Each structure stands twice: as structure tokens, then as C-alpha cells.
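Undergrad: First the structure, which I've put down as C-alpha cells, then a few questions once you've had a look.
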Amino acid sequence: MGNQDYAVSFIVDSTPEDAFTAINNVRAWWKGQIERSTDKVGGVFTYQYGDFHRSRQKVTELVPGERVVWDIVRVGAWVDSSSRP
């Protein structure tokens, strides 16, 4: 399977700055376990919800008050050995 793109945009009743801050506070709106930083360009974070979902996202663009871009690096079940010596 080749690359697949998915993009979404929506309108909220909030200032751009407040929306940007809320989107980058991933732990406040995603239930489950989040490992690593979600608010730094180049950062890679992992999200896991029980045994149902596991994904790894790379933060590729942050423009305060305008844009948040994550690339989905990996989805599915896998053993994460990145923290092992």
C-alpha cells in the first residue's frame, strides 16, 4: 500500500491562539497513554489506547495560531524497543 494522505480542518468558537494551545495539549483531549513531547517540531510521540490502538506521530509543523501538522509514522501493534539500552 502506498502513501495515503488525510487532512482535516474545522471551525471552532475560539481565538486562533486558544485553539492552537488546546490542540497541542494532546493529553487533555486524547484518553490513553501518550509518551514523549507533543509540542515541538521534529518531536515524535506515541499514543496508545488500551490494546485497541497504538500510533506514532511526528510533529512536522507548528505555526502558532495557524497550523499544527503531524505525520503518522506508524500505526498498529508493535514492540517499542527505543527506550532499551
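Undergrad: Check every one of the strands (runs of 3 or more DSSP E) wholly within region 1-80 and list those with 2 or more residues that are hydrophobic (A, V, I, L, M, F, W, C), in contact with a Ser or Thr (Cβ under 7 Å, 6 or more places away or on another chain) and modelled with pLDDT of 85 or more.
TA: Working: elements: 33-35, 44-49, 53-63, 67-75.
Because the criterion is at least 2 residues that are hydrophobic (A, V, I, L, M, F, W, C), in contact with a Ser or Thr (Cβ under 7 Å, 6 or more places away or on another chain) and modelled with pLDDT of 85 or more, the strands (runs of 3 or more DSSP E) in region 1-80 that meet it are 67-75.
Undergrad: Got at least one residue in region 48-59 being surrounded by 15 or more Cβ atoms within 10 Å (Cβ to Cβ), closer than 16 Å to ALA7 by Cα, of a type in the set (Lys, Arg) and touching a Phe, Trp or Tyr at 6+ places or on another chain (Cβ under 9 Å)?
TA: We begin by selecting, within region 48-59, every residue surrounded by 15 or more Cβ atoms within 10 Å (Cβ to Cβ); these are 48, 54-59.
Still in the list and also closer than 16 Å to ALA7 by Cα: 57-59.
Next, from what is left, pick out any that are of a type in the set (Lys, Arg): 58.
Filter once more, keeping what is touching a Phe, Trp or Tyr at 6+ places or on another chain (Cβ under 9 Å): 58.
Yes, because at least one residue in region 48-59 is surrounded by 15 or more Cβ atoms within 10 Å (Cβ to Cβ), closer than 16 Å to ALA7 by Cα, of a type in the set (Lys, Arg) and touching a Phe, Trp or Tyr at 6+ places or on another chain (Cβ under 9 Å).
The values are calculated or read from the model by the stated rules, or taken from the named source; none is laboratory data. Quantities reported herein were computed from a predicted structural model and do not represent experimental measurements. As a convention, Cβ positions derive from the backbone with ideal geometry for all residues, glycine included, and neighbour counts pool all protein chains shown.
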